[in-house]
1. Apply the Karplus curve 6.51 cos²θ - 1.76 cosθ + 1.60, θ = phi - 60°, to the phi angles in region 32-41 and return the couplings in whole Hz, x for Gly and Pro.
2. What spacing in nm lies between the two simple spin-label points modelled at residue 119 and residue 38, each 7 Å away from Cα in the Cβ direction?
3. Assuming R0 = 35 Å, can you tell me the calculated FRET efficiency for the pair residue 11 and residue 56, based on Cβ-Cβ distance, to the nearest 0.05?
4. Which ³J(HN,Hα) values in Hz, rounded to whole numbers, follow from the phi angles of region 102-119 under the Karplus curve 6.51 cos²θ - 1.76 cosθ + 1.60, where θ = phi - 60° and Gly and Pro get x?
Amino acid sequence: MFQTTHYRIMAQIQALRQQGLTQTKIAEQLGISQSSDCKALKKNCSKRTNCSSVRKTSARDNKQLKKIAVSNRFKSTSELTDLWNKQTGADVSRSTTYRRLRELGFKSRVPAVKPMLNKKQMEKRLKWAKEHGEALWSGDASGVNYLP
């Protein structure tokens, strides 16, 4: 009994939606909540794998982005987007660039912040280097060699 009623309501929702009624109007007509109407419509939507119909970038564009990313490792996604748009002549957004970089296997990382040396630490290091400099290091102008 419940399933037949459920299917009948689902069919009514679909018919009213095809007539061009909004979710709110459909819910008022059928005496159900708007959220129930929304859930019913979502369940019956076709499962699309990609929302947009056409990709803005080709395989060739993606190869070019890979070259740009490898040669400019420390640039931000926004800076890479600007370079990519200049070289390809395309108009690609920062988020598209980010997605393509992820597809190509790149990962974004924020470098760890290392604490700066304070004045006391710098003085200790300098003192140590002066004390041990002659015994540990020798070499000429071409390079420094470490002596054990």
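Here, each number is a calculation from the coordinates, and none is a lab measurement. Computed from a predicted model, the values in this text were never measured in an experiment. Please note: Cβ atoms are built from the backbone with ideal geometry, for glycine as well, and neighbour counts cover all protein chains shown.
1. My calculation for region 32-41 gives 10, 6, 5, 5, 5, 4, 4, 4, 5, 5 Hz in order.
2. Between residue 119 and residue 38, the label points sit 6.1 nm apart.
3. 0.35
4. Each residue's phi maps through the Karplus curve to give 5, 4, 7, x, 7, 10, 8, 9, 9, x, 5, 8, 9, x, 6, 6, 8, 4 Hz.
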